[in-house]
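Report on the following structure.
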Amino acid sequence: MEEFEQARRARLRVRVGAAVVLVLVALGCAVLASTLSDGSGSVEIRRDEQGELTDDGAVTSPSIFVHVTGAVVRPGLFELADGARVIDAIAAAGGFIDTADREQLNLARLLTDGEQFAVLVEGEATEDSAASDSRVNLNTADAAALDTLPRVGPALAARILAWREANGRFATIDDLRNVSGFGDKTFEGLRELITV
C-alpha cells in the first residue's frame, strides 16, 4: 500500500512539473511574440549602409515609407531602409497570399519614398489595369513598350532606359525632358500617352 501511495505521489509531482513547464513555455512564447511585434501591423526591414541586415535592429540608413495594398498577408504602410526593393516591401507585408499574381511586379525594382503599389490577384491585372490606364509608364516600361510611343524608336527607348538606370525613377513625366533627344515638340506629342 505504501508503494502504491509513493507511486501516486510521484505521478502527481510529474504532472504538476509538466504543467509548470507548459505554463512557462507559453509565457515565454507570449513574451517573444510581443517583443517581435510592436502591435502597429508594420514590419521594418533593417539594413546597414551596405544593404546588410543589422543585428541590433536599428535602421542605420535613411528610411522611406511605402504603402502596400492588395494580395499580401498584412497590407499597410511600412517603413523600410532607403534602397529597399519591392521584394523587401512584400516581405514586410507578410508575403503574398495564395491567390496573388506573383508575375505582375518587378520584385527587384527600387522603391521611392511615398510610393504605393498593389499586389493584384491572378487574372485581375490584365482586365483592370488595361481598362483603367493605357498610358505607358516610364518607370516600368521595357524597350518594346517605349518603342510603341510615337516618335520613339529603339534609340530613344534605349536612352530612356539608360537615364532611368543612371538616375532612378522618373518623379514626373516632365523628367523625360532631361533625356537626350526629347525637345518640346516631341515631349508635347507624348504628354497624354505617358505616366509615372
statement: In Å, the Kirkwood hydrodynamic radius from C-alpha pairs for the stretch 63-132 sits at 12.1
- prompt: In nanometres, what is the gap between the two model label sites at Arg13 and Ala171, each 7 Å from Cα along Cα-to-Cβ?
  reply: 7.4
field: Translational D in µm²/s for the stretch 136-195 (Stokes-Einstein at 4 °C, 1.567 mPa s, Kirkwood Rh from C-alpha pairs)
entry: 116
query: So what's the net charge close to Asp175: Lys and Arg +1, Asp and Glu -1, counting the other residues with Cβ under 10 Å from its Cβ?
result: +2
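FYI, it's all coordinate maths here, none of it is from the lab. These figures come from a predicted structure and were not determined experimentally. For neighbour counting, all protein chains shown are included, and Cβ atoms are generated from backbone atoms with ideal geometry for every residue, glycine included.
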